[in-house]
Amino acid sequence: MISREEALRHVLTRVAPLAPVTVRVPAAAGRVLAEDVTASRPVPPFANTAMDGVAVRAADTSPGARLRLVGTVAAGATSEREVGPGEAMRIMTGAPLPPGADAVVKVELCFFAGAGTDELVTVGEGVPVGNHVRPVGDDIAAGSVVLTAGSLVTPGAVALLRTVGRVSVAVVPRPRVGVFSTGDELVEPPAELGPGQIYDSNRAALVALVNDAGGEAIDLGLVADDEAAIEAALLDGAARCDAVLTSGGVSMGDFDFVRTVLDRIGDMAWMQIAIKPAKPFAFGTIVVAGRPVPVFGLPGNPVSSMVSFELFARPGLRAMAGHRDVERTPVRATAGEDFRRRPDGKTHFARVVVSVDTEGGYVARSAGGQGSHHLAAMASANALAVVPDGDGVVAGAAIDVLLVEPVS
Ligand code: AMP
Ligand code: MG
């Protein structure tokens, strides 16, 4: 058996970020930037007011000072007229400061009297130069690098790209990931189950996991335990996709033909990993039209396939999508109950529900049945608890968890 770290290293040293593509700015959200983004002009591009109020010369203000109103500047407008000594101009948030003015008194501190050319404003305070003024380039200096290649395009980054005037940007694309399941016992709902048959649950789960991990899943269907059919599905997937995920058929059984076929047409490493669940895992490449396509061979047991995806395929696909942080960072929780186990040389990944205790810390409790076929517990879990080799973790002790869903 090899360690989880070694298996992951094996994957990560054999996948590379996909070639960049140019996409429109909102569609770049969630992708990794493939270029440095520079601001060609300052933001804000002109000095403007942060408040509705009056634009003034700061030197003219003091509590009770009366100034003559000489106009209004709305957002989107400009004023040619200068604010002279003893004068003020109404101004709305985002409007450029008129010439002559160097500060703003907010409207809540203004008392207006008179009308038309005789309108006066009494200001409630003396203000310093620059009061409520957003200077040119206060947010971003012209020529500065605002986003760097390799960073994630967050919603905030989308706003930043727009504010510097970008229409499109180079990003690492979503990997297109072909997914198929194998097994003569599997059928598709709504077909009735015959004797010995079960519904194919892995394929749908893997499609959801791929999309959730930032990939674009391509459903390659349910494939029989038949060498020719498996070979055709693998070659079709490799031709159409950036990576292929298979479910089942990688163990030592008589009908585990995924293994037979991949050994013949691919360059695969078959791993036994010191973890439970998801001990068997295969990774390698198939070369199609001169292009090596990564193949992840996941075990068939439903929980194993999902845990194997989480620990090995997800980081691999994230690396292909250009992410620098490909693994989840473990967080510390308190065991809300005993997590008993026997020493077996493996790290166990228990399906747990993590919640916030009364002190605000995380507490982890078993999500239910811990067998590799126990999907009900998998569905209610929001984390995998890392139970190291040994006798387990007792209630109240610290336990590391990988949060795979939000904590509610
Ligand atoms: P295998 O890895 O093909 O030997 O399958 C191991 C176990 O997982 C068997 O009990 C299979 O019936 C089950 N299994 C395999 N593939 C799937 C699937 N796509 N959906 C649900 N169960 C599966
Ligand atoms: Mg099978």
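The values are calculated or read from the model by the stated rules, or taken from the named source; none is laboratory data. This is a predicted model, so every value here is computed, not measured. Glycine also receives a Cβ, built like all others from the backbone with ideal geometry; neighbour counts cover every protein chain displayed. To get the accessible areas, we keep the full protein, side chains included, count just its heavy atoms, and leave off ligands, DNA and RNA. Shrake-Rupley method; radii C 1.70, N 1.55, O 1.52, S 1.80 Å.
Numbers at a glance
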| quantity | calculated |
| --- | --- |
| Residue list for the range 186-205, filter: open to solvent by less than 80 Å² (accessible area, probe 1.4 Å) and within 7 Å of ligand 1 (Cβ to nearest atom) | LEU186, ASP200, SER201, ASN202, ARG203 |
| Residues that are open to solvent by 30 Å² or more (accessible area, probe 1.4 Å) and assigned to a strand (DSSP E or B), drawn from the range 158-185 | SER168, ARG176 |
| Residue satisfying condition, being under 20 Å from ALA213 (Cα atoms) and part of a loop (DSSP other than H, G, I, E, B), within set GLU405, GLU359 | GLU405 |
| In the range 186-206, the residues that are part of a loop (DSSP other than H, G, I, E, B), of a type in the set (D, E, K, R) and touching a residue at least 24 places away in the same chain (Cβ under 8 Å) | GLU188 |
| Selection within the range 298-324 - farther than 22 Å from ILE265 by Cα, within 14 Å of ligand 1 (Cβ to nearest atom), touching a helix residue (DSSP H, G or I) at 6+ places or on another chain (Cβ under 6 Å) and open to solvent by less than 20 Å² (accessible area, probe 1.4 Å) | VAL303, SER305, PHE309 |
| Flag for LEU209 being touching a residue at least 60 places away in the same chain (Cβ under 8 Å), open to solvent by 10 Å² or more (accessible area, probe 1.4 Å) and touching a Phe, Trp or Tyr at 6+ places or on another chain (Cβ under 7 Å) | yes |
| Flag if LEU220 is within 30 Å of VAL172 (Cβ to Cβ), touching a Cys at 6+ places or on another chain (Cβ under 9 Å) and without any contact (Cβ under 8 Å) to a residue 60 or more places away in the chain | yes |
| Subset of the range 1-28 [small (Gly, Ala, Ser) and open to solvent by 40 Å² or more (accessible area, probe 1.4 Å)] | SER3, ALA16, ALA19, ALA27 |
| Verdict on GLY86 being of a type in the set (Gly, Ala, Ser), under 14 Å from ALA58 (Cβ atoms) and either open to solvent by less than 40 Å² (accessible area, probe 1.4 Å) or modelled with pLDDT under 95 (or both) | yes |
| Segments classed as strands (runs of 3 or more DSSP E), wholly inside the range 222-312, with at least 3 members that are more than 15 Å from ligand 2 (Cβ to nearest atom) and farther than 22 Å from SER201 by Cα | 267-272, 280-288, 291-298 |
| Index of the failed condition, GLY253 passing every other in (1) free of Cβ contacts under 8 Å to residues at least 40 places away in the same chain; (2) open to solvent by less than 10 Å² (accessible area, probe 1.4 Å) | (2) |
| Residues (in contact with a Leu (Cβ under 7 Å, 6 or more places away or on another chain) and open to solvent by 10 Å² or more (accessible area, probe 1.4 Å)) located in the range 277-297 | VAL288 |
